[in-house]
1. Could you compute the net charge surrounding G177? Neighbours are other residues with a C-beta less than 11 Å from the C-beta of G177; K and R count +1, D and E count -1.
2. Estimate the FRET efficiency between K392 and H124 by the formula 1/(1 + (r/R0)^6), using the beta-carbon distance for r and 51 Å for R0, to the nearest 0.05.
3. Projecting each Cα onto the charge dipole of the chain (Lys/Arg +1, Asp/Glu -1 at the beta carbon, about the Cα centre), which of G186, P355, A272 comes out farthest on the positive side?
4. Go ahead and run the numbers for FRET between D26 and N350, Cβ-Cβ distance against an R0 of 56 Å, rounding to 0.05.
5. Given a Förster distance of 35 Å, report the FRET efficiency between D423 and D34 from their Cβ-Cβ distance, rounded to the nearest 0.05.
6. Of the listed pairs K385/K412; K163/K412; K385/K409; K369/K392; K107/K422, which have alpha-carbon separations greater than 20 Å here?
7. Magnitude of the Cβ-charge dipole of the chain, K/R +1 and D/E -1, about the Cα centre, nearest 20 debye?
8. For I342, what is the net charge nearby, where nearby means another residue's Cβ is under 12 Å from its Cβ and Lys, Arg count +1, Asp, Glu -1?
Amino acid sequence: MNFYSTRNKNLKYPFGQAVRQGLAPDGGLFMPEDIPLLPADFYRQLPELSLPQIAEIILHPYTNDDIPDDALHEICRTAFTFPAPLVRLSDNLYALELYHGPTMAFKDFGARLLARTLNYLNRHRQQRNVVLVATSGDTGSAVASGFYGLEHIEVVILYPYGKISDLQERQMTTLGGNIHALAIDGNFDDCQRLVKTAFNDRQLAATYGLTSANSINIARLLPQMIYYFYAWGQLAGHHTQIVFSVPSGNYGNLTAGILAQKMGLPVQHFLAAANANNTVPAYLQSGHFEPRPTIATLSNAMDVGNPSNFERLQSLFDNNLDSFRQHIAGYSFDDEQTLAAITRLYREYNYLADPHGAVGYLALEAWLKENGGTGIFLETAHPTKFADTVEKATGRLPELPAAWQGLEKKDKHFIRCSSDYKDFLDCLTTALS
Ligand SMILES: *Cc1c(COP(=O)(O)O)cnc(C)c1O
């Protein structure tokens, strides 16, 4: 299958090339040319299928020109080695826990599939590939963990200095080896702008074989469909009308949900659950897309004022506001409401949520109150990643998982860099020398 640029439907590349390039040459994002409907039979089997089995089936039509069946099987088997439990809070309220991977956030799904895909695509190459990624926190740790130790790939991570948690910073700066970190004096949008500029810098992109690994890479996006299918399969037979509430920042996760729906998954509605960075909910209300400066919030992985994947959503909805509104309802909540939601979830359901999941819960609560039905909110990060906030809201300090103990004793290695493009190029050269 070919993948087109959101800025020009005639600009098309096969899967492998789209994955390597990350971004289309015209600055657009890649989208699949077809979205095949899955056979009815698949939905009957779904309740019995594991995450790797679902992954193999749904990814196959997109990847099969470049990845043979046995290789795809191996990639999925080694990528999705952790569960995604659907936790029942009440008769019509569920939390889908996507944080049981190695870095305890849902970005492990995309990062691990992308890492193994690139590794496969590079297996005969002499030239090394450099993965360049901007992160507001969780992408970087997921990518660092997903790629660590791969032979033909170097990873350079840009993060906003001082604006991510200590744990997130440690996860990407203590590995060493093929993982390099640049601490940028600026915010996430600055990091993302530097990455985009680098990709548009043809000579640089060619010299380093630049590849993106953040949510703009199509191989990060596609595997995020898996858990929507999985969750639906867990509830199928009990509930027919299911709403998914998606805590959103750059809108990759929600885009994947819409793709799953286009493959036939019977989802009643999606909720775009935003924090104070409400660019998309504001668009749904006014019909005007107006990117804004980023606002720092408790759910910092969602602090994005100009979400990249909006272009993909526009493409999926043919730039039609009505069709956007038929599928997605927008909500935005401030930090005070987020804290109160964490408290409420703990008191009423004995459930410990992180600030991102709490924003998802708030949107779902508002939707269910008005519309009824059954809802699933995505719990995108482990509460321990935001331990201070969770403790403040509940009085209970979430435990640090065993895998992370001792991280505070390891040395951080990063290069501090201004948000100026020329400075960034110097830092990049230093990191890779
Ligand atoms: C990245 C992230 C989000 C936002 O996901 P998008 O695909 O960027 O909308 C939500 N929660 C957590 C914990 C994240 O790391």
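1. Working: positive: none; negative: E151, E154.
Every neighbour counted, the sum reads -2.
2. Working: r = 52 Å, r/R0 = 1.02.
Efficiency, from the Cβ-Cβ distance: 0.45.
3. Towards the positive end, the residue furthest out is G186.
4. Details: r = 51 Å, r/R0 = 0.91.
Computed FRET efficiency for D26 and N350: 0.65.
5. Working: r = 43 Å, r/R0 = 1.22.
The formula returns an efficiency of 0.25 here.
6. Values: K385/K412 18 Å; K163/K412 16 Å; K385/K409 17 Å; K369/K392 27 Å; K107/K422 30 Å.
In this structure, K369/K392; K107/K422 lie more than 20 Å apart at Cα.
7. Numbers: 34 positive and 44 negative charges, 89 e Å.
In debye, rounded to 20, the chain gives about 420.
8. Details: positive: R344, R347, K392, R396; negative: D335, E336, E348, D354, E379, D388, E391.
With Lys, Arg at +1 and Asp, Glu at -1, the neighbours total -3.
The values are calculated or read from the model by the stated rules, or taken from the named source; none is laboratory data. Keep in mind that this is a model prediction, so the values were computed, not measured. Quick reminder, even Gly has a Cβ in these numbers, built from the backbone with ideal geometry, and neighbours come from all protein chains shown. Each accessible area value is taken on the protein alone, full model and side chains, heavy atoms only, with ligands, DNA and RNA left out. Shrake-Rupley method; radii C 1.70, N 1.55, O 1.52, S 1.80 Å.
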